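What follows is a single structure, written as structure tokens, with notes after it.
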Amino acid sequence: MTRLWAALLAPVIVPQGRRLSAATPRLAAPTPEPDAAELADPRLEVLVLGDSTAIGTGVDRVEDALAAALARERGAGSGSGSESGDEAGFESGAVLALGRNGATAAEVRAEFLDRAAASAASAVVVVVGWNDAMKLRPTRAFARDLTTIVRTLQAHRLGRRVIVVAPPHFERFAVLPQPLRCALGAHAAGLRRTAARVCRTWGATLAPGIDGASASPADRFHPDAAGYRRLAQGIAAALRE
């Protein structure tokens, strides 16, 4: 129904989307892609897999990206009080990120899933849905891709935790004009329900998604450092469950 609604609004929201895309700068991610040795390192505890949010687009420093923020949250959760988490045994590299800007769930599945599944990570955080919502991909296709990602990650390592970050709350993104904001928000809400259903079915854990409250000044779209910290806090809480 959300896709039908979007189709009815297409004469308005398609030009809005094109203008927004043209005006939004293409940002580079600060997080380097890990190589095979890093992915196979037994010290790797958590792998963040997915789209531009997974690899920290929106901030300039790798220290402000999601993987680093999650490493700090996990270190703090250990009771060490360490800012970096190193004193708690979370060495540099204990949390890595793998993905690319603009990737849908289908593209993450095709391009990165094999490497992620074969990694040494005991937990994988899956961040998809942002681009699926932007491209109005059908919820059925999203469910199929997310299910494959979750099941493949679980199958390759006994006892591996899989955390799925809920798709964003686009209805709260101030950078999106109306009615585009409402249309994308409604479709993303359907993807969030789908993600929750996949998690319930296959034993993954759902973590809170991005609410758009702390946006990067570079493009007013991706999270800033505070947004990544908040996202990391929700993921760390899910990992402790």
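Shown for the range 98-241: the carbon plus sulfur share of the solvent-accessible area, taken with all protein chains present and a 1.4 angstrom probe, equals 52%. Coupling constants for the range 37-45 follow from the phi torsions by the Karplus curve (6.51 cos²θ - 1.76 cosθ + 1.60, θ = phi - 60°), and in residue order they are 5, 5, 5, 8, 5, x, 6, 5, 9 Hz; glycine and proline get x.
All other residues with a Cβ under 13 Å from the Cβ of ASN101 taken together, and with Lys, Arg as +1 and Asp, Glu as -1, what is their net charge? Don't skip to the end; give the middle numbers.
On the way: positive: ARG26, ARG100; negative: GLU33, ASP51, GLU107, GLU111, ASP219.
Once positives and negatives cancel, what remains is -3.
The values are calculated or read from the model by the stated rules, or taken from the named source; none is laboratory data. Treat the numbers as computed from the prediction; the structure is a model and nothing was measured. In this analysis, Cβ positions are derived from the backbone assuming ideal geometry, glycine residues included, and neighbour counts consider all displayed protein chains. Ligands, DNA and RNA are excluded from the accessible area calculation, which covers all protein heavy atoms including side chains. Shrake-Rupley method; radii C 1.70, N 1.55, O 1.52, S 1.80 Å.
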